[in-house]
1. Of 169, 131, 147, which is the most mobile in a GNM of the chain whose springs link Cα atoms less than 10 angstrom apart?
2. Gain in length, residue 39 to residue 15, computed as 0.36 nm per residue apart minus the alpha-carbon separation, to one decimal in nm?
3. Once you place label points 7 Å from the Cα toward the Cβ at residue 62 and residue 85, how far apart are they in nm?
4. Show me the three semi-axes of the equivalent ellipsoid for the stretch 195-262, from the C-alpha gyration tensor (sqrt of 5 times each eigenvalue), largest first, rounded to whole Å.
5. Could you go through the stretch 180-197 in sequence order and give the Karplus-derived ³J(HN,Hα) for each residue, using 6.51 cos²θ - 1.76 cosθ + 1.60 with θ = phi - 60°, rounded to whole Hz, and x for Gly and Pro?
6. Could you tell me the center-to-center distance, by alpha carbons, between the stretch 222-260 and the stretch 10-57 in angstrom?
7. Write out the cysteines belonging to the chain for which the nearest other cysteine Cβ is not under 4.7 Å, or none if no such cysteine exists.
8. For the chain, what's the radius of gyration and Dmax over Cα atoms, in angstrom?
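The values are calculated or read from the model by the stated rules, or taken from the named source; none is laboratory data. Only a predicted model underlies this, so the values are computations on that prediction, with no experimental measurement involved. Glycine also receives a Cβ, built like all others from the backbone with ideal geometry; neighbour counts cover every protein chain displayed. These accessible areas exclude ligands, DNA and RNA; they are computed on the full protein's heavy atoms, side chains included. Shrake-Rupley method; radii C 1.70, N 1.55, O 1.52, S 1.80 Å.
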Amino acid sequence: TGDHWGYGIEDGPSVWHKTYPIAQGNRQSPIDIVPHQASCDPSLGPIVLNYDHCTSMNIANNGHSVIVEFDDTDDRVVIQGGPLDNPYKLKQFHFHWGGKGCHGSEHTVAGNSYASELHLVHWNAVKYGTFEEAATAPDGLAVLGIFLETGDDHRWLNMITDALYMVKFKGSVTDFEGFNPMCLLPSSLDYWTYLGSLTTPPLYESVVWIILREPIMVSEKQLSKFRMLLLTEEEEDQRIHMENNFRPPQPLNGRKVLNLCV
Ligand SMILES: Cc1ccn(O)c(=O)c1
Ligand SMILES: [Zn+2]
């Protein structure tokens, strides 16, 4: 009932437009990235991440994903450069993933999905007063997308997967301080960028997307721990696992995908 959206047959991406008409807008995300159709833009510089004074606060199960939130009163933890006109402050990061052996990324590359996708969500605190205000502005948010590919264990991802049992149920939150997401970046910051939207309701068209080309490697065992998370609350009898929480690619509608010139 109401705006309880999800990823199932009854409440999933194919019916979100009934409550959120912008789902059929002209700058929706994710998209399929076709590398050889991307244009290189000489005015695009490298992405610069200043995550040194990272202040993660907590980790939570919001019923759609697992999310690590940051204290954004500190304006030292920022992303800048690339397509961005000014620094954007880190607010939270979360993941999207599939079912066992299935794919789970939101963006695809030449039609290929990855096992999972990490989103580091930043907001334009230079132009807007609050995250909520920025989230509705066309240049309000900058989301850094990182693909996760199955392979070896990711040494630092263990800090997150080992905390997941504490936020098993929807609505649970626990302290998670001092985690610095720098440790989740691949070696190359080469990226694609395009203008899009949130990939979950309310689907606001307020995101400058920056998708790193190089995936990070995580093990199947680590991914399986994400699938142990539940969509249901502690007091509910039914236990539904959180998996396949990804929106499929949306029409490009003539948008340009840009990348760094080599
Ligand atoms: C702000 C926001 C909310 C949901 N998702 O998936 C995002 O990637 C960004
Ligand atoms: Zn996301």
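1. Looking only at 169, 131, 147, the largest GNM fluctuation is found for 131.
2. On the way: separation 24, 0.36 × 24 = 8.64 nm, distance 3.30 nm.
Going from the current span to full extension adds 5.3 nm.
3. Taking the simple label geometry, residue 62 and residue 85 are separated by 2.6 nm.
4. Details: eigenvalues 202, 74, 16 Å².
After diagonalising the Cα gyration tensor, the semi-axes are 32, 19, 9 Å.
5. 3J(HN,Hα) across the stretch 180-197, in whole Hz: 10, x, 3, 6, 9, 8, x, 6, 9, 9, 5, 9, 10, 9, 7, 9, x, 9.
6. For the stretch 222-260 versus the stretch 10-57, the Cα centre distance is 14 Å.
7. For the chain, the answer is 54, 102, 183, because their Cβ atoms have no other cysteine Cβ under 4.7 Å.
8. 17.4, 56
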